[in-house]
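The structure appears right after this line, and notes come after that.
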């Protein structure tokens with residue numbers, strides 16, 4: 001077991017748990033976007049499950065940590081700002097996935113991380129496109 005890889009996966013797991021919390025809050029706050037936020041929330045939950053499975057596959061122990069991203073997003077004053085921060089958070093995850101994907105990992109872990117990256121990139125694109133349609137005050 002590579003402890004640094006397990007630590008990196010646990011860091012992502014904490015971030016994805018915070019993502020689930022963030023999307024749940026956004027889903028309840030913005031009913032007109034409830035369906036899309038629910039979809040992204042499910043993506044985050046699937047990431048949590050896959051990261052936990054990957055940590056176990058590497059013989060690691062899953063952390064119980066959760067990031068503070070939800071509070072950061074809720075601290076934003078507009079939907080536009082919340083979406084922009086959400087996109088940056090998703091981008092942070094993609095950068096960490098790129099580092100992990102350069103490592104020698106079991107095929108099932110690599111496959112999961114590649115899929116997770118694609119999903120996050122899709123969600124970044126949606127957040128960026130949606131935020132472009134909003135004024136700074138929205």
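The values are calculated or read from the model by the stated rules, or taken from the named source; none is laboratory data. Keep in mind it's a predicted model, so treat the numbers as computed, not measured. Reconstructed Cβ throughout: ideal geometry from the backbone, glycine too, with neighbour counts over all protein chains shown.
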- Subset of the range 72-84 that is in contact with a helix residue (DSSP H, G or I) (Cβ under 7 Å, 6 or more places away or on another chain) and in a helix (DSSP H, G or I) - its residue that is farthest from residue 130 (Cα to Cα): 72
- List pairs: first in the range 71-86 and within 19 Å of residue 119 (Cβ to Cβ), second surrounded by fewer than 19 Cβ atoms within 10 Å (Cβ to Cβ) and at pLDDT below 95, Cβ under 8 Å, 6+ apart or cross-chain? 83/134
- Task: For residue 82, state whether it is surrounded by 18 or more Cβ atoms within 10 Å (Cβ to Cβ) and closer than 16 Å to residue 21 by Cα.
- Result: yes
- Note on the structure: Residues in the range 1-36 that are buried (at least 21 other Cβ atoms within 10 Å of the Cβ) and over 11 Å from the mean Cα position of the chain (by Cα) total 2
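So that you can scan it fast, the table gives a plain yes or no per residue for (1) more than 21 Å from residue 5 (Cβ to Cβ); (2) at pLDDT below 95; (3) in contact with a helix residue (DSSP H, G or I) (Cβ under 6 Å, 6 or more places away or on another chain):
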position: 27; (1), (2), (3): yes, no, yes
position: 35; (1), (2), (3): yes, no, no
position: 53; (1), (2), (3): no, no, no
position: 86; (1), (2), (3): yes, no, yes
position: 105; (1), (2), (3): no, no, no
position: 112; (1), (2), (3): no, no, yes
- Query: Is it the case that the range 27-39 has a residue that's in contact (Cβ under 8 Å) with a residue 60 or more places away in the chain and either in contact with a strand residue (DSSP E or B) (Cβ under 9 Å, 6 or more places away or on another chain) or under 17 Å from residue 120 (Cα atoms) (or both)?
  - Reply: yes
- Message: I'm trying to understand the selection: among the residues of the range 96-114, which are touching a residue at least 40 places away in the same chain (Cβ under 8 Å) and under 14 Å from the mean Cα position of the chain (by Cα)?
- Response: 96, 97, 112, 113
- Message: Every residue in the range 49-78 that is crowded, with 19+ Cβ neighbours inside 10 Å and either farther than 20 Å from residue 100 by Cα or within 16 Å of the chain's Cα centre (by Cα) (or both), please.
- Response: 50, 51, 54, 67, 69, 70, 73
